[in-house]
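The values are calculated or read from the model by the stated rules, or taken from the named source; none is laboratory data. Being a predicted model, the structure only gives us computed values, none of them experimental. Glycine gets a Cβ as well: all are built from the backbone with ideal geometry, and neighbour counts include every protein chain shown. SASA here: full protein model, heavy atoms, side chains in, ligands and nucleic acids out. Shrake-Rupley method; radii C 1.70, N 1.55, O 1.52, S 1.80 Å.
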Amino acid sequence: MNQKSSPHTLGHESIGKLLLEYSLPAIVAMTATSLYNVIDRIFIGQGVGPLAISGLALTLPLMNLGVALGALVGAGAATLVSIRLGEKRGDEASLILGNTVVLNIILSVAYSVIMLIFLDEILYLFGASDATLPYAREFMQIILAGNVFLHSYMGLVNIMRASGSPAKAMYTTLATVGINLI
C-alpha cells in the first residue's frame, strides 16, 4: 500500500491499483472494529458475567446510533472534501474539515446529554430489567463519556480516506482497537 498516496492520484492511477489501495485498508479496519466488539464481549462475559452481557446487548442500538451520527457527518464531509480536492480547491476542503470537527463535537455533546438525561427510560424501553439496568447504565455512561472522541473518529477517518490516506485511516482504526485491548 502506497503511504504517499494523494488525492491527485485518483484521476491518474489504474482502477485496479486504486481498488486495492483503498479497499484493503478499509477491510482490515472493519475487521479490526468487529474484533473490538468481540473483545468487549469476551472481557465482560468472562469478567463480570451473563447479566453484564445482557446489559451490554441493550446498549448496542444506542452505541450504533452514536456511531451512525458520526459516520453520517463523516461520509457527507468526505464526499465534499473529495470533490473540492478534485477541483484543486484545497482551502475549501480544509474549511469543510474544520466544520466537520465542530459539527461532530456539537452532535456528540447533544447526543450524550440527551442520552444521559433519559438513559434509564431508554434502556427500559429497550428491554432492560431491574437486574440488567445497572450494567447497561454503567457501560453506557462510560461510552457517553468518550462519545466526543467516537464521533470525531468516525467523522475524520472517512475524510482521511477521501483525502488520499487510506492506510492512515486503517492505522488509526488499529490504534483504537489496541487502546481498547489495553
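Taking the conditions exactly as written (closer than 30 Å to Ile142 by Cα and free of Cβ contacts under 8 Å to residues at least 12 places away in the same chain), does Val73 satisfy them or not?
Spelling it out, it is not the case that Val73 is closer than 30 Å to Ile142 by Cα and free of Cβ contacts under 8 Å to residues at least 12 places away in the same chain.
Would you be able to tell me the number of residues in region 31-52 that are on the phi < 0 side of the Ramachandran plot and either open to solvent by less than 80 Å² (accessible area, probe 1.4 Å) or in contact with a Ser or Thr (Cβ under 7 Å, 6 or more places away or on another chain) (or both)?
The qualifying residues number 15.
Mind checking which pairs have a first residue in region 78-104 that is within 19 Å of Tyr22 (Cα to Cα) and in contact (Cβ under 8 Å) with a residue 40 or more places away in the chain and a second that is of a type in the set (Gly, Ala, Ser) and open to solvent by less than 50 Å² (accessible area, probe 1.4 Å), Cβ under 7 Å, 6 or more apart or different chains?
Ala78/Ala162; Val81/Ala93; Val81/Ala162; Val81/Ser163; Ser82/Ala162; Leu85/Ala93; Leu85/Ser163
Tell me which residues, restricted to region 123-149, are under 23 Å from Tyr36 (Cβ atoms), open to solvent by less than 50 Å² (accessible area, probe 1.4 Å) and either of a type in the set (Ser, Thr, Tyr) or touching a residue at least 24 places away in the same chain (Cβ under 8 Å) (or both).
Leu123, Thr132, Ala136, Phe139, Met140, Ile143, Leu144, Asn147, Val148
Just give me the residues in region 66-77 being closer than 30 Å to Arg41 by Cβ, in contact with a helix residue (DSSP H, G or I) (Cβ under 8 Å, 6 or more places away or on another chain) and hydrophobic (A, V, I, L, M, F, W, C), in sequence order.
Those that are closer than 30 Å to Arg41 by Cβ, in contact with a helix residue (DSSP H, G or I) (Cβ under 8 Å, 6 or more places away or on another chain) and hydrophobic (A, V, I, L, M, F, W, C): Val67, Leu69, Ala71, Val73, Ala75.
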